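Heads up: the structure comes next, in structure tokens.
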Amino acid sequence: MTVNYLQKIHAPVLELRLGILLLPDFTLLALTGFLEALRIAGDEFDLSRNLYCSWEIMAPDGRQIRSSCGLTIMPTARLL
């Protein structure tokens with residue numbers, strides 16, 4: 001018997017929304033590890049979708065922010 005996983009997928013209901021505030025020289029490994037954990041936890045059937053959680057990246061001044069390894073990240077939302 002084969003199971004069609006796509007038939008079991010229902011409309012997404014976001015249960016968790018996060019704003020992640022990055023500070024200068026943040027650790028990129030910590031950020032990506034956290035985001036990957038959120039992505040995996042918020043999905044069904046390992047299809048790489050954000051069904052149950054979403055996030056926005058923020059910076060104190062709204063400008064791109066540099067990580068400790070030199071990579072810069074552009075915020076996706078403003079601080080309120």
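The values are calculated or read from the model by the stated rules, or taken from the named source; none is laboratory data. Remember, predicted model here, so these are calculated numbers, not experimental data. Glycine also receives a Cβ, built like all others from the backbone with ideal geometry; neighbour counts cover every protein chain displayed.
Given the conditions (1) modelled with pLDDT under 90; (2) farther than 15 Å from Leu16 by Cβ, and given that Asp43 satisfies all but one, which numbered condition is not satisfied?
The number of the failed condition is (2).
Among the residues of region 8-22, is any part of a loop (DSSP other than H, G, I, E, B) and modelled with pLDDT of 95 or more? Talk me through it step by step, then tell me what you get.
Of region 8-22, the ones part of a loop (DSSP other than H, G, I, E, B) are 9-15, 22.
So of that shortlist, the ones also modelled with pLDDT of 95 or more come out as 22.
Yes: region 8-22 contains one or more residues that are part of a loop (DSSP other than H, G, I, E, B) and modelled with pLDDT of 95 or more.
Can you pull out the residues in region 36-53 that are touching a strand residue (DSSP E or B) at 6+ places or on another chain (Cβ under 7 Å) and closer than 26 Å to Asp25 by Cβ?
Result: Leu38, single match.
Of all residues in region 40-64, which are surrounded by 13 or more Cβ atoms within 10 Å (Cβ to Cβ) and in contact with a Cys (Cβ under 8 Å, 6 or more places away or on another chain)?
Gly42
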